[in-house]
Amino acid sequence: MHSDLAGLNKILRDGTRRQIIILLHDRTVLTYSDLQEALHMQDRGRLNYHLKTLVPLLNKTDNGYSLSEQGTTTWKMLQDFSYNQKTRLATTIKYGRNAIALGLVAIYFLTYHQHLTFEWLLGTSITLCAISAALVVFVKVQSSRLGSCRSTDTSLLETLNDKTRRKIVDLLRENGRLSYTELMKAAKVDSSGQMNYHLKALSSVVSVDETGQYTLTKKGVFAYNSQRSIKNANSMLKINPLWHQWFAIALVSALMLAANFLLYTRGAFSSETAAINVVIVAFAATAMLYLAKVNDDLKLYQVKNTNILP
């Protein structure tokens with residue numbers, strides 16, 4: 001089993017191969033030409049190499065390529081990885097942005113109150129810039145990695161665009177496991193036909209074991225967390241549209257730069273100190289703008305485009 005997982009990890013280490021798995025799952029069957037077009041790959045030798053490497057995960061027929069049973073299992077593994085990592089990355093972005101902002105405010109406060117010598121100011125500024133750069137690089141690498149694991153299937157938000165289905169997800173997350181009868185009663189569903197319809201729509205986020213107990217899959221937990229984050233008015237990084245985030249960052253940066261210029265003209269500190277303040281504001285603002293863009297690209301919380309809130 002360990003050797004199988006090691007071999008699978010080696011196969012999927014390449015982003016193109018991960019993308020082929022995603023494409024074949026979402027579109028069921030693709031011809032060689034369809035794959036070439038979808039991957040924007042003109043080099044047939046390169047595509048042949050990837051298809052040969054993916055042989056254990058593919059079925060080849062006269063109609064084209066499709067996923068084998070092992071390939072479908074692999075796709076599920078990729079989605080589990082993607083949903084887990086997306087949530088972690090969104091959390092990293094949120095707290096990373098806050099840390100950069102707090103560090104910037106702290107440096108400004110100490111500078112204006114002349115509690116920092118020039119050497120200490122330079123050192124703390126370099127440290128803040130280094131931390132910001134490291135965070136940006138980490139987020140860039142992780143988001144690029146997630147990009148090749150992301151399914152083109154956008155059905156999750158469509159699935160949850162129903163009050164009863166959102167209620168079912170909430171109940172299973174809060175109670176852990178529920179039987180069909182318990183779930184139907186708690187969700188206040190009138191008929192078994194209606195209940196079956198909702199459970200079928202939730203097949204990707206709800207699973208049932210051999211004893212008839214229903215639980216959330218990892219995708220279901222992700223869906224629940226997404227809903228909770230949207231309802232949390234304090235989670236501004238996850239709620240605000242991208243242009244709101246960029247406007248707020250630009251406004252705060254402009255105010256800090258204006259304060260920096262005003263205090264410099266009044267002789268509160270030297271030109272070297274003023275220049276360092278300009279640099280760290282520009283650096284921190286650039287980092288936060290990038291983090292906001294990545295968070296938006298993750299498409300975890302599409303508040304403006306869906307009726308996911310009750």
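None of the figures in this text is laboratory data; all of them are computed from the coordinates on show. Predicted, not measured: the structure shown is a model, and the values here were computed from it. Every residue, glycine as well, gets a Cβ built from its backbone with ideal geometry; the counts of neighbours run over all protein chains shown.
Taking the Cα-to-Cβ direction at S179 and at R44 and moving 7 Å from each Cα, how far apart do the two end points lie in nm?
6.1 nm
Report the FRET efficiency, 1/(1 + (r/R0)^6), for V55 and D34, where r is their Cβ-Cβ distance and R0 is 22 Å, rounded to 0.05.
0.75
Would you mind giving the three semi-axes, in whole Å and largest first, of the ellipsoid equivalent to the range 155-227 according to its Cα gyration tensor?
Working from the Cα gyration tensor, I get semi-axes of 17, 14, 11 Å.
Checking the table K167/K188; K76/K219; K188/K219; K94/K140; K167/K219 against a 21 Å threshold on Cα-Cα, which pairs fail?
K188/K219
Can you give the extra length, in nm with one decimal, that the chain gains between V137 and A248 once fully stretched, where that is 0.36 nm per residue apart less the Cα-Cα distance?
The V137-A248 span can extend by a further 37.7 nm.
Just to verify a number: FRET efficiency for V279 and D26, C-beta to C-beta distance, R0 = 51 Å, to 0.05?
0.65
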